[in-house]
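Please read the structure below before turning to the comments.
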Amino acid sequence: MSSTLSQRAAKALQQRREDGLYRHLQSFDLKQSQLSKLPSQDSFVNFSGNDYLGMAQDQELKMAWQQGIDRYGAGSTASPLVTGHSSAHQLLEEKLCDWQGYERAVLFSSGFAANQAVIFSFMRKNDRLLQDKLNHASLIEAGMMCEATMQRYQHASPDSLSKFLDKGDVNAASLVVTDGVFSMDGNVAPLSDIQLGATIMEPC
Ligand SMILES: Cc1ncc(COP(=O)(O)O)c(C=O)c1O
């Protein structure tokens, strides 16, 4: 790294410290979804994790992971379009399609990657991307980086969305994107009202 970049990093870190925003990593060897005991022996209930359904410690699931690693190894060894699409991926895709009633599914290793892929794949210059103001960072970040013009309507407000839909270039290809359940507040998007204002994207 050049000295200019090192100096920039050092300056940014110093600024974070001065603003009281410098963050430290803490390591936990504890089971996330359970009542956790920290080294100080104080008890905490963990409301900060993403293991909402407690699946990380589910016995059946843990065994399935172990069996899967024995059978397939610890990685797919390639991207899907080369040689990384195993019979297990194929089976999962078919089960998801069966369950959700779609012809095809695309698997991603994280929600973050899936959200970014949808926005980058569909949006082009002069398109309109309308997002709920409180959408997950993966969506907002993709919106800022893609070629389309992004506008953010008021949180969970179909009225605010319609105002955006009615102004500007109404003939531009438009994509409305909302979280289903907002992960920070736990509230649910008014999907049926949003659907009235915009046409739901049909599967290809
Ligand atoms: C609404 C929402 N979208 C996307 C993500 C990102 O998913 P992942 O952690 O699988 O990358 C999260 C993660 O908490 C989320 O809550």
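Could you pull out the residue among LYS133, LYS95, LYS125 that is under 22 Å from ILE194 (Cβ atoms) and modelled with pLDDT of 95 or more? Spell out how you get there, then give the answer.
Numbers: LYS95 fails: under 22 Å from ILE194 (Cβ atoms); LYS125 fails: under 22 Å from ILE194 (Cβ atoms).
Unique residue meeting the criteria: LYS133.
Tell me, please, whether a residue that is outside any loop (DSSP other than H, G, I, E, B) and either loosely packed, with under 10 Cβ neighbours inside 10 Å or modelled with pLDDT of 95 or more (or both) can be found in the stretch 19-42. No, the stretch 19-42 contains no residue that is outside any loop (DSSP other than H, G, I, E, B) and either loosely packed, with under 10 Cβ neighbours inside 10 Å or modelled with pLDDT of 95 or more (or both).
What about PHE108, is it under 21 Å from the mean Cα position of the chain (by Cα) and more than 26 Å from TYR52 (Cβ to Cβ)? So that I can check it myself, show each step before the final result.
Working: under 21 Å from the mean Cα position of the chain (by Cα): yes; more than 26 Å from TYR52 (Cβ to Cβ): no.
Taking the combined requirement at face value, the residue does not satisfy it.
Per-residue answers, yes or no, for (1) within 16 Å of the ligand (Cβ to nearest atom); (2) surrounded by fewer than 13 Cβ atoms within 10 Å (Cβ to Cβ); (3) assigned to a loop (DSSP other than H, G, I, E, B):
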{"site": "VAL82", "(1), (2), (3)": "no, yes, no"}
{"site": "ASP98", "(1), (2), (3)": "no, yes, no"}
{"site": "GLU103", "(1), (2), (3)": "no, yes, yes"}
{"site": "LYS125", "(1), (2), (3)": "no, yes, yes"}
{"site": "ASN135", "(1), (2), (3)": "yes, no, yes"}
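The residues of the stretch 146-186 that are free of Cβ contacts under 8 Å to residues at least 24 places away in the same chain and among the aliphatic types (A, V, I, L, M), listed by number, are MET150, VAL170, VAL181.
The values are calculated or read from the model by the stated rules, or taken from the named source; none is laboratory data. Keep in mind the model is a prediction, meaning the values are calculated, not measured. All Cβ positions, glycine included, derive from the backbone under ideal geometry; neighbour counts span all protein chains shown.
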